[in-house]
Amino acid sequence: MTRGNAGAAARAVARPDDLRTDLFRGGGRDRVTAPNHGPSVVVGRTMVRLESAGRLGRLGEAGKSHMTGQLSFEVQRRLPVAVARLSGVLDAYTAADLRTGLLSCLAEQPSAIVMDTTALTVADDIGLLALAGVAQLSERWPGCGFVAFGGAAEFAPAMERMGVSQYVKMCPDLTTALTEADQWPVPPTARARIDPDRNAPSVARAAVHEFCRVEGIGGDGDAAQLVASELVTNAVVHAGTTIDLTLRLIPPLLHIAVRDGGRGQARIGGVVDESSESGRGLLLVDALAASWGTFVPDAGKVVWATVRVKPRAASA
């Protein structure tokens, strides 16, 4: 019997109800029936299941529902340093689930991610490439550090064999890992939740203006205000969902990130006609920003940009 057939047979014995289970929300009053497959992620006290297509299925309060699947990714602390507990089996099949969990965590823009691998079994070294890929992605944005601790005796050698150790620092325990994570400084940060309405761009500009005033940025970040306004406008027009604006100052750059619930990536279109009423937003961002891009986590998307800023000149 092949591995896939053996796994299917085991699941059939464990779940004679055709892999379906009744899940409860709101204290058990609202019943939903959902396929019981895919790994789970716990964010705060809410558990979500990572579906194979990248969708999120909410399972209810952490501790009240069991995890399913071969790999789980439990976020025990989110900011400023995220701590995640990995458990189960990592191989070529579950590597995509590890990537999904890491991207979800990375979208919160922590200064570092600490991974507890005590309960993780690496069945296939190639699964570790998902970790390396996310760490490489983070080098461009948001610049998050990666630290791991625990793990079986073969975990560190596997990291070395796959070249992952150059991106992830291995530590013997949680205390050492948190000390290592503290080497990545926590930048001045401001976060704002914005409704997707006609006032959203002005709310974004006001948030940038206030942040720059507090942090002593010259001109109160005029270019940054414009970039934030255009990114938020883009989210209102194309996603129409609640918007999360995050500002981080990492001199000489002001990092601006706009997260929405829309799908796909933001791209600059073709030539914009002078008579067009829209389409200039990302062209303007491209002209003003030092760099920009799109980050697609497990749900929604993040469009980010960095703008060069200077300290406010001292008054005479």
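The values are calculated or read from the model by the stated rules, or taken from the named source; none is laboratory data. It should be emphasised that the depicted structure is a prediction, and the values quoted were computed from it without experimental measurement. When we count neighbours, we look across all protein chains shown, and the Cβ atoms used for this are built from the backbone with ideal geometry, even at glycine.
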Worksheet item: Taking region 78-107 as the search range and keeping residues that are of a type in the set (G, A, S) and in a helix (DSSP H, G or I), which one is surrounded by the most Cβ atoms within 10 Å (Cβ to Cβ)?
Response: G101
Response to the item:
Restricted to region 115-140 and to residues being in a helix (DSSP H, G or I) and of a type in the set (V, I, T), the residue surrounded by the most Cβ atoms within 10 Å (Cβ to Cβ) is V134
Discussion item. Which count do you get for residues in region 141-156 that are in contact (Cβ under 8 Å) with a residue 24 or more places away in the chain and part of a loop (DSSP other than H, G, I, E, B)?
Written reply: 8
Discussion item. Being crowded, with 20+ Cβ neighbours inside 10 Å, farther than 30 Å from L120 by Cα and over 24 Å from the mean Cα position of the chain (by Cα): is that true of I217 here?
Written reply: yes
Fill in: Top-ranked residue of region 48-77 - restricted to ones that are at pLDDT 50 or above and surrounded by 15 or more Cβ atoms within 10 Å (Cβ to Cβ), ranked as farthest from D125 (Cα to Cα)
V75
Worksheet item: Looking at D182, D116, D124, which is the one that is without any contact (Cβ under 8 Å) to a residue 40 or more places away in the chain, among the acidic types (D, E) and either within 21 Å of T246 (Cα to Cα) or touching a strand residue (DSSP E or B) at 6+ places or on another chain (Cβ under 9 Å) (or both)?
Response: D124
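Which residue is modelled with the highest pLDDT, if the candidates are limited to region 278-287 and must be buried (at least 17 other Cβ atoms within 10 Å of the Cβ) and of a type in the set (A, V, I, L, M)?
V285
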Worksheet item: touching a Cys at 6+ places or on another chain (Cβ under 6 Å), at pLDDT below 95 and in the same structural domain as I243 (by TED's automatic domain parsing) - does that describe any residue in region 209-217?
Response: no
